[in-house]
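Below: one structure, written as structure tokens.
The values are calculated or read from the model by the stated rules, or taken from the named source; none is laboratory data. What you see is a predicted model, and the numbers here were worked out from it, not measured in a lab. Virtual Cβ from ideal backbone geometry, glycine too; neighbours counted across all protein chains shown. Please note that ligands, DNA and RNA were not included when accessible areas were found on the heavy atoms of the full protein model with its side chains. Shrake-Rupley method; radii C 1.70, N 1.55, O 1.52, S 1.80 Å.
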Amino acid sequence: QLQLVESGGGLVQPGGSLRLSCAASGFTLDYYAIGWFRQAPGKAREGVSCISSNGGTVYLDSVKGRFTSSRDNAKNTVYLQMNSLKPEDTANYYCAAVPGFQRTCAITPVADSWGQGTQVTVSA
């Protein structure tokens with residue numbers, strides 16, 4: 001069964017940091033571009049970032065300079081390092097395969113299929 005599983009969320013104070021993980025099972029991530037998405041209560045899901053198979057990245061303007069996506073193909077895992085967190089970053093975060101080629105990617109899911117995500121809450 002092909003699956004992406006998110007983890008690493010939690011409660012953090014404004015200005016704090018979290019690292020989310022997206023682990024693949026049933027397939028190898030090496031050749032896939034992976035995106036991070038989030039959905040806050042009452043809001044539409046939005047794309048946050050993506051990382052191509054060759055490590056190129058794209059970010060939502062509001063997270064540029066604060067969030068960094070990386071990948072460890074040996075661990076079959078993609079990460080999202082989130083620093084300087086703000087209350088408006090509070091959401092359930094998901095990862096999904098996205099279109100990508102070499103060092104480019106697009107923060108658009110290739111399929112409307114989502115895991116459970118991991119909740120990030122930024123609050124004092």
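State the extension gain, in nm to one decimal, for the chain segment bounded by Ser84 and Leu60, taking 0.36 nm per residue of separation less the distance between their alpha-carbons. Don't skip to the answer; put the middle values down first.
Values: separation 24, 0.36 × 24 = 8.64 nm, distance 1.50 nm.
Contour length minus Cα-Cα distance gives 7.1 nm.
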Give the percent of DSSP beta bridges with both residues in the chain that are antiparallel, rounded to the nearest 5. 90
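So for the chain, what percent of the C-alpha to C-alpha distances run longer than 24 Å? Intermediate results must be reported in sequence, preceding the final value.
Values: 1423 of 7626 pairs.
So the portion of pairs separated by more than 24 Å is 19 percent.
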For the pair Ala40 and Thr28, the simple spin-label estimate (label points 7 Å beyond Cα toward Cβ) gives in nm 4.0
For Tyr32, what accessible area in Å² do you get when you roll a 1.4 Å probe over the heavy atoms of the protein chains, rounding to the nearest 10? 100
No solvent, one uniform scatterer per C-alpha: report log10 I(q)/I(0) for the range 84-124 via the Debye equation at q = 0.18, 0.25, 0.29, 0.31 1/Å, two decimals. -0.67, -0.87, -0.94, -0.99
Quick check: residue separation of Thr104 and Leu11 times 0.36 nm, minus the Cα distance between them. What number comes out in nm? 30.3 nm
For q = 0.13, 0.17, 0.19 Å⁻¹, Debye-computed log10 I/I(0) when each Cα of the range 42-98 counts as one equal scatterer: -0.34, -0.58, -0.72
Mean Cβ neighbour count within 10 Å, used as a protection proxy, ranking 46-58, 4-16 highest first: 46-58, 4-16
Report ³J(HN,Hα) in whole Hz for each residue of the range 82-97, in order, from the Karplus equation J = 6.51 cos²θ - 1.76 cosθ + 1.60 where θ = phi - 60°; Gly and Pro get x. 10, 10, 6, 5, 10, x, 6, 7, 4, 4, 8, 9, 10, 10, 7, 5
For the range 53-58, just list the computed ³J(HN,Hα) in residue order, Karplus coefficients 6.51, -1.76 and 1.60, θ = phi - 60°, integers in Hz, with x standing in for Gly and Pro. 4, 9, x, x, 10, 9
